[in-house]
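Encoded as structure tokens, the structure appears first; notes follow it.
The values are calculated or read from the model by the stated rules, or taken from the named source; none is laboratory data. None of these values were measured; they are calculated from a predicted model. Note: ideal-geometry Cβ built from the backbone for every residue, glycine included; neighbour counts use all protein chains shown. Heavy atoms of the whole protein, side chains included, go into the accessibility calculation; ligands, DNA and RNA do not. Shrake-Rupley method; radii C 1.70, N 1.55, O 1.52, S 1.80 Å.
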Amino acid sequence: MKKYVAEFVGTIWLVLGGCGSAVLAAAFPEVGIGLLGVSLAFGLTVLTMAYAIGHISGCHLNPAVSIGLWAGGRFPAGELPAYILAQVGGAVTAGGVLFLIASGNAGFDVSAGFASNGYGEHSPGGYSMLAALVAEVVLTMMFLVVILGATDDRAPKGFAPIAIGLCLTLIHLISIPVTNTSVNPARSTGVALYVGDWAVGQLWLFWVAPIIGGVLGAIVYRYISSDDQAAMR
């Protein structure tokens, strides 16, 4: 149970830190942290939690990562349901905490988005559903390539959390204007449920695209790393 609790707690930190920075601090008068600050916040949540719980649960914090690691031969299929349940539970819990905090401001309006992911009229930059789909698939694919490579036994030891955290930061810098950046179905679910309406209606894309991307990333990494392994033998 400890690793499932670790995933639950870790995902709380990811959603509270990342989405919390977007909701509470991104546009704060005069000292708002903006897009760069939100991107760093998401990366820092993964970096810090990877050092905190990586040795306990692997610090997936993301159903697409868990499924990608399974596809990459690094994670047993039997543990997927419990991991995904813990991740989604943590995200929804964090969404509730963030909702309570944000509601303390008289001007708070959950219908404004609450850091939800969206496309079309609900994309920050007005990007189409196809653009959102492509962005989420490709960026999640690259995220899994980095995760699998950085945690490979042949990679430099102790630096994986830094590479993975910076990768997530870069992903947000690229795609916040497109979808508000998901690459994580749990993160998307954790805030969409409090918005309801369009956020729940568009949530399907932020499950389907990251999972497809995660599996593709595993396939790509297994291919590019297999020749190296064969050459070493």
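Give me the number: length gained by fully extending residue 174 to residue 200, i.e. 0.36 nm times residue separation minus the C-alpha to C-alpha distance, one decimal in nm.
Contour length minus Cα-Cα distance gives 7.0 nm.
Report which label in [x] 19.5, 61; [y] 16.0, 52; [z] 17.1, 65 holds the value of Rg and Dmax of the Cα atoms in Å derived from the coordinates of this structure.
Step by step, Rg and Dmax of the Cα atoms in Å for this structure corresponds to label [z].
Taking all protein chains as present, what is the carbon and sulfur share of the accessible area of segment 117-206, in % to the nearest whole number, probe 1.4 Å?
72 percent
For a protection proxy built on the mean count of beta-carbon atoms within 10 angstrom, sort 148-159, 192-203, 169-180, 3-14 highest first, please.
Highest mean packing first, the order is 3-14, 169-180, 192-203, 148-159.
In segment 1-19, which residues have a backbone nitrogen under 18 Å from the label point lying 7 Å from residue 56's Cα in the Cα-to-Cβ direction?
1-17
If each residue of separation counts as 0.36 nm, what is the full-extension length gain between residue 159 and residue 225 once their alpha-carbon separation is subtracted?
Difference between extended and current length: 21.9 nm.
Excluding ligands, DNA and RNA, what is the solvent-accessible area per residue of segment 88-180 at a probe of 1.4 Å, expressed in Å²?
Per-residue accessible area for segment 88-180 comes out at 45 Å².
What is the packing order of peptides 66-76, 52-62, taking the mean over residues of other C-beta atoms within 10 Å and listing the highest first?
With the highest mean Cβ count within 10 Å placed first, the list reads 52-62, 66-76.
Using r as the Cβ-Cβ distance of residue 97 and residue 36, and R0 as 30 Å, what FRET efficiency do you calculate, to the nearest 0.05?
Efficiency, rounded to the nearest 0.05: 0.75.
Which number do you get for Rg(Cα) / (2.2 N^0.38 Å) in segment 1-119?
Taking the Cα Rg and dividing by 2.2 N^0.38 Å, one obtains 1.14.
Mind pulling the angle between the C-alpha long axis of helix 129-150 and the longest principal axis of the chain? Nearest 10 degrees, somewhere in 0 to 90.
40 degrees
In the Gaussian network model of the chain, springs joining C-alpha atoms below 10 Å, which of 97, 38, 137 carries the largest mean-square fluctuation?
For the chain, modelled as a Gaussian network with Cα springs under 10 Å, the answer is 97.
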